[in-house]
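Take a look at the structure below.
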Amino acid sequence: MIQTSNVTLRLGKKALFEEVNIKFTEGNCYGLIGANGAGKSTFLKILSGQIEPTSGEVIITPGQRLSFLQQDHFKYDDKMVLDTVIMGNTRLYDIMKEKEAIYAKEDFSDEDGIRASELEAEFAEMDGWNAESDAATLLNGLGIPSEEHYTLMKDLPGASKVKVLLAQALFGNPDILLLDEPTNHLDLDAISWLEEFLINFENTVIIVSHDRYFLNKVCTNIADLDYGKIQIYAGNYDFWYESSQLMIRQMKEANKKKEEKIKELQEFISRFSANASKSKQATSRKKALEKIQLDEIRPSSRKYPYIDFRPNREIGNEVLTVDGISKTIDGVKVLDNISFIVGHDDKIAFVGGNELAKTTLFKILAGELEPDEGSYKWGVTTSQSYFPKDNTEIFDTDSVIVDWLTQFSEVKEATYVRGFLGRMLFAGEDGVKKMRVLSGGEKVRVLLSRMMIEGSNVLMFDEPTDHLDMESITALNNGMIKFPGVILFSSRDHQVVQTTANRIIEFLPNGSMIDKVTTYDEYLESDEMARKRQVFSVEESED
């Protein structure tokens with residue numbers, strides 16, 4: 001169990017948390033939610049001891065081990081992958097290293113023998129003989145192949161480093177597990193594996209995540225952080241949302257009845273206060289009026305952008321034909337003879353662990369890359385807007401937001417462009433911020449503003465939910481669902497894929513693909529074993 005007692009954190013004059021008293025109990029998985037800037041990650045750092053609160057304390061049941069997901073992806077660059085995972089249990093790792101040092105001595109003394117015996121006993125008690133196999137199981141589950149377990153962390157790509165650090169946090173069955181955005185940079189298969197792991201995990205888990213489907217799948221409780229206070233709701237994210245909305249509606253209805261009663265009493269008092277025969281009744285009603293207190297309904301600190309993609313022209317029947325496209329990058333064939341036809345009602349999700357294949361295809365269709373072989377043709381009635389996964393070059397400019405957006409608008413009036421920025425929560429002087437100083441979330445909202453302004457009837461998104469908060473993801477999801485044109489997209493957000501796509505294209509490790517007209521959940525259920533067999537056969541052939 002882990003709990004806080006009167007925890008307060010002040011940053012200058014601002015109190016991020018004010019006397020927070022909360023208890024997280026064993027056997028439960030808590031989703032810690034709140035608006036951007038509310039302090040979710042900071043609160044996890046207080047729980048893990050990385051940050052000291054201004055006042056109050058964190059209390060952990062004596063003898064329990066706490067583990068948290070490291071955010072520094074370069075911290076273990078000089079360590080071997082398998083060792084990095086085992087380091088999740090610091091005491092076990094220290095024992096292993098001390099044993100190695102003792103046994104490596106040429107002048108092995110009696111004292112060394114006694115110490116080695118003590119270490120061996122503690123090592124066995126901690127199930128140390130299974131440490132490497134347990135670490136390997138976690139890595140394999142997250143998609144790190146066995147041949148990479150003995151490489152150095154610095155030799156892994158960024159997405160693989162994230163998986164290793166996640167395996168480190170999960171290693172050794174910690175009593176308390178703190179995970180800050182564990183699904184970031186994970187492919188959907190790895191997220192699915194993590195969901196099952198946490199569902200079967202029997203100790204205390206506290207998770208910060210913007211993935212609604214993930215929170216719904218794994219959480220038994222929601223801890224809602226708003227205005228420096230945390231309130232716990234039983235149930236998953238959807239249950240929290242319905243409960244919180246119901247509570248607000250009930251409070252509003254109660255206040256409405258109270259207001260009606262107040263008005264009724266005030267009218268009686270005003271009418272009869274000067275009437276001698278009614279004076280006692282008027283006085284009684286004055287006392288009743290004084291007792292009526294309206295419930296304080298504080299608006300949430302959450303802010304939802306308004307995302308509405310409206311095409312300037314209707315799309316025709318001929319949308320896109322892709323014929324035999326192949327592309328090799330750095331000696332690896334990432335696309336191999338890819339062909340498909342897009343219809344005017346299609347919303348296609350590109351899925352699978354081959355991230356480079358998806359990004360490469362988007363760049364080709366956006367005209368940023370040339371295929372090595374094959375061709376593609378857009379229909380004459382189509383217009384395309386593209387959301388790139390890497391937006392570094394776009395924001396490498398001294399232009400201010402409103403000027404940069406104006407170039408994509410048919411209407412050149414600043415007030416018109418500012419209207420789109422306002423929808424995306426850029427208020428007042430935010431519009432004259434320079435592009436290069438924007439945060440990750442602000443950059444995404446600027447690109448979504450551009451896509452709304454362009455009015456295209458084909459939208460292409462390559463991982464649009466990265467860097468967005470829960471409210472913005474919800475708004476984007478709703479905008480994609482109601483968009484009347486064609487969407488081609490990739491996303492790690494299960495709910496976005498499930499609620500938006502009516503067709504699934506999965507890229508396999510060898511650059512080929514599977515194409516099905518179906519929802520994502522139906523695809524996973526009906527074709528999971530077939531997909532695994534195909535992937536396995538590909539890996540076997542490569543070996």
Scanning region 284-336 residue by residue, those among the acidic types (Asp, Glu) and at pLDDT below 90 turn out to be Glu290, Asp295, Glu296
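If you go through region 140-151 one residue at a time, do you hit one that is open to solvent by 10 Å² or more (accessible area, probe 1.4 Å) and aliphatic (A, V, I, L, M)? Let's see the steps before the verdict.
Kept after step one, since they are open to solvent by 10 Å² or more (accessible area, probe 1.4 Å), are these residues of region 140-151: 140-141, 143, 145-148, 150-151.
Subsequent filtering for residues that are aliphatic (A, V, I, L, M) retains none.
So far as region 140-151 goes, no, none of its residues is open to solvent by 10 Å² or more (accessible area, probe 1.4 Å) and aliphatic (A, V, I, L, M).
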When Lys482 is run through (1) under 19 Å from Thr382 (Cβ atoms); (2) surrounded by fewer than 23 Cβ atoms within 10 Å (Cβ to Cβ); (3) not hydroxyl-bearing (Ser, Thr, Tyr), the failure sits at (1)
Those residues of region 61-98 which are open to solvent by 60 Å² or more (accessible area, probe 1.4 Å) and either in a loop (DSSP other than H, G, I, E, B) or touching a residue at least 24 places away in the same chain (Cβ under 8 Å) (or both) amount to Pro62, Gly63, Gln71, Asp72, Phe74, Lys75, Asp78, Lys79, Arg91
Residues in region 399-433 that are free of Cβ contacts under 8 Å to residues at least 24 places away in the same chain and of a type outside the set (D, E, K, R) total 10
Scanning region 324-346 residue by residue, those under 16 Å from Tyr376 (Cα atoms), open to solvent by less than 90 Å² (accessible area, probe 1.4 Å) and touching a strand residue (DSSP E or B) at 6+ places or on another chain (Cβ under 6 Å) turn out to be Gly324, Ile325, Ser326, Lys327, Leu335, Asp336, Ile338, Ser339, Phe340, Val342
ask   = Can you find even one residue in region 180-192 that is open to solvent by 10 Å² or more (accessible area, probe 1.4 Å), touching a strand residue (DSSP E or B) at 6+ places or on another chain (Cβ under 7 Å) and not in a helix (DSSP H, G or I)?
value = yes
Within region 354-369, the residues that are open to solvent by 50 Å² or more (accessible area, probe 1.4 Å) and over 19 Å from Val458 (Cβ atoms) are Leu356
Taking region 302-332 and the residues there that are assigned to a loop (DSSP other than H, G, I, E, B) and among the β-branched types (Val, Ile, Thr), the one that is nearest to Met247 (Cα to Cα) would be Ile307
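Looking for something out of contact with any His (no Cβ under 7 Å at 6 or more places or on another chain), within 23 Å of Asn184 (Cβ to Cβ) and either modelled with pLDDT of 95 or more or open to solvent by 20 Å² or more (accessible area, probe 1.4 Å) (or both) - is there at least one such residue anywhere in region 510-518? It would help to see each step written out before you state the result.
Narrowing region 510-518 to residues out of contact with any His (no Cβ under 7 Å at 6 or more places or on another chain): 510-518.
Then drop every residue that is not within 23 Å of Asn184 (Cβ to Cβ), which leaves none.
No - not one qualifying residue is present in region 510-518.
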Counting only residues in region 152-162 that are modelled with pLDDT under 95 and outside any helix (DSSP H, G or I), the one surrounded by the fewest Cβ atoms within 10 Å (Cβ to Cβ) is identified as Pro157
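Please determine whether any residue of region 99-119 is under 29 Å from Asn184 (Cβ atoms) and crowded, with 16+ Cβ neighbours inside 10 Å.
Filtering region 99-119 for residues under 29 Å from Asn184 (Cβ atoms) gives none.
Taking every residue of region 99-119 in turn, none turns out to be under 29 Å from Asn184 (Cβ atoms) and crowded, with 16+ Cβ neighbours inside 10 Å.
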Listed by first then second residue, the pairs whose first member lies in region 136-147 and is under 20 Å from His185 (Cα atoms) and charged (D, E, K, R), whose partner is open to solvent by 20 Å² or more (accessible area, probe 1.4 Å) and modelled with pLDDT of 95 or more, with beta carbons under 6 Å and at least 6 positions apart or on separate chains, are none
Among Ala124, Ala131, the single one that is assigned by the TED database to the domain that holds Cys29, closer than 24 Å to Asp94 by Cα and either open to solvent by 10 Å² or more (accessible area, probe 1.4 Å) or in contact with a Cys (Cβ under 9 Å, 6 or more places away or on another chain) (or both) is Ala124
Among Lys278, Lys256, Lys263, the single one that is of a type in the set (D, E, K, R), farther than 25 Å from Leu468 by Cα and in contact with a helix residue (DSSP H, G or I) (Cβ under 7 Å, 6 or more places away or on another chain) is Lys278
Q: Please tell me if Met480 is under 12 Å from the mean Cα position of the chain (by Cα) and aliphatic (A, V, I, L, M).
A: no
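Considering region 1-49 alone, what residues qualify as being among the polar types (S, T, N, Q) and in contact with a strand residue (DSSP E or B) (Cβ under 8 Å, 6 or more places away or on another chain)?
To start, the set of residues in region 1-49 that are among the polar types (S, T, N, Q) comprises 3-6, 8, 21, 25, 28, 36, 41-42, 48.
Once the filter is applied, which keeps residues that are among the polar types (S, T, N, Q) and in contact with a strand residue (DSSP E or B) (Cβ under 8 Å, 6 or more places away or on another chain), region 1-49 yields Gln3, Thr4, Ser5, Asn6, Thr8, Asn21, Thr25, Asn28, Ser41, Thr42, Ser48.
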The residue that is surrounded by the fewest Cβ atoms within 10 Å (Cβ to Cβ), considering only those in region 370-384 that are of a type in the set (Gly, Ala, Ser) and part of a strand (DSSP E or B), is Ser375
Exactly one of Leu9, Leu16 is in a strand (DSSP E or B), in the same structural domain as Ala234 (by the TED database) and buried (at least 21 other Cβ atoms within 10 Å of the Cβ), and that residue is Leu9
Subset of region 443-468, residues under 25 Å from Ser209 (Cα atoms), open to solvent by 10 Å² or more (accessible area, probe 1.4 Å) and in contact with a Leu (Cβ under 9 Å, 6 or more places away or on another chain), comes to Arg445, Thr465
Counting only residues in region 433-442 that are at pLDDT 90 or above and open to solvent by 20 Å² or more (accessible area, probe 1.4 Å), the one nearest to Gly479 (Cα to Cα) is identified as Glu442
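Looking at Ile199, Ile176, which is the one that is in contact with a Lys or Arg (Cβ under 9 Å, 6 or more places away or on another chain), surrounded by fewer than 18 Cβ atoms within 10 Å (Cβ to Cβ) and either over 27 Å from Gly440 (Cα atoms) or of a type in the set (Asp, Glu) (or both)?
Details: Ile176 fails: surrounded by fewer than 18 Cβ atoms within 10 Å (Cβ to Cβ).
On inspection, the qualifying residue turns out to be Ile199.
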Considering region 390-423, residues that are closer than 30 Å to Leu356 by Cβ and open to solvent by 50 Å² or more (accessible area, probe 1.4 Å), and then whichever is farthest from the chain's Cα centre (by Cα), we arrive at Phe408
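The values are calculated or read from the model by the stated rules, or taken from the named source; none is laboratory data. In this text the structure is predicted, and so the values were computed from the model without any measurement. A quick note on method: Cβ atoms are made from the backbone with ideal geometry, for glycine too, and the neighbour counts reach across all protein chains shown. Side chains included, ligands, DNA and RNA excluded: accessible areas come from the protein's heavy atoms. Shrake-Rupley method; radii C 1.70, N 1.55, O 1.52, S 1.80 Å.
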